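Reviewing the structure listed below.
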């Protein structure tokens, strides 16, 4: 395609663009009167239950996250001795000593990881 | 109850938090004209079918408003629902929409001017496009969406959308060569609009 042809196509494209812009502007400018349309929609809406604030996926993710938090809390409360649990657990792991605290911490890490992956895949 | 001072997002928040039907009714009133006009274009002038799909769109919007993320504009989100609802309808009533069964909206009976012919040819050139190309032109020009928004509405990658637009423009350019060569411009087109 030589320069003249390219210029010709470019001009045609510009004119096409102008035509489309003008036609679409006229299309957008038209107002369609409501004429009872919204009343008909709302009559159907009134028969429906209120929309859920969270969709099914969000509910599933929240359930997983809350379950993980609950599991972690229960582990801390039962396997450890209050706020010493984490310190003891890390110390035990650092010295490669298998104690209930160390096992509890490992369980929490693994469970949280599994639930995190579950939550992430429920997004897709 | 009129709520003119509230933004779309305020109204949506009220619908989500307490199922406020008045707020949703206001959203319907605000967006019904643009949505119905868009669907009339999408359905090649089937007024009743377009209104049925528009109604279904708002019902789906009510049911799924909890999924609205406030990232897109509410109107863009509605166009996406409308496009999907229309696709479902096309699949359901495919035989009805093929060819001559269409009953286009009545055109005003004005004398045949260059502008009128041009708009008819523009409409015919759009009918010649593939479904995907037609949808891309519709969203970008007639619904005035950005390429990003149009890709979101159609559920396709941005690159694919741009390809559809390029191909559609090339087909339309060839089809409308008679007009584009003779120098008919938007000013001429607007003469026939009012």
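The values are calculated or read from the model by the stated rules, or taken from the named source; none is laboratory data. Note that the coordinates shown come from a computational prediction; the quantities given were computed from them, not determined experimentally. Please note: Cβ atoms are built from the backbone with ideal geometry, for glycine as well, and neighbour counts cover all protein chains shown.
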Requested in this report: Return yes or no: is residue B:30 in contact with a helix residue (DSSP H, G or I) (Cβ under 8 Å, 6 or more places away or on another chain), within 13 Å of chain A (Cβ to nearest Cβ) and over 28 Å from residue B:133 (Cα atoms)?
Outcome: yes
**Report entry** region A:30-47, subset under 36 Å from the mean Cα position of the chain (by Cα) and more than 7 Å from chain B (Cβ to nearest Cβ), residue surrounded by the fewest Cβ atoms within 10 Å (Cβ to Cβ)
**Finding:** A:47
Report task. Could you list, in sequence order, all residues of region B:134-148 that are within 13 Å of chain A (Cβ to nearest Cβ) and either over 16 Å from residue B:35 (Cα atoms) or assigned to a helix (DSSP H, G or I) (or both)? Result -> B:134, B:136, B:137, B:138, B:139, B:140, B:141, B:142
Requested in this report: Answer yes or no: is there a residue in region B:87-109 that is at pLDDT below 95, more than 18 Å from the chain's Cα centre (by Cα) and closer than 30 Å to residue B:19 by Cα.
Outcome: no
Query - Subset of region B:37-52 (residues that are crowded, with 24+ Cβ neighbours inside 10 Å and either free of Cβ contacts under 8 Å to residues at least 40 places away in the same chain or not in a helix (DSSP H, G or I) (or both)) - result: B:50
Query raised in the report: free of Cβ contacts under 8 Å to residues at least 12 places away in the same chain, assigned to a helix (DSSP H, G or I) and out of contact with any helix residue (DSSP H, G or I) (no Cβ under 6 Å at 6 or more places or on another chain) - does that describe any residue in region B:73-87?
Result: yes
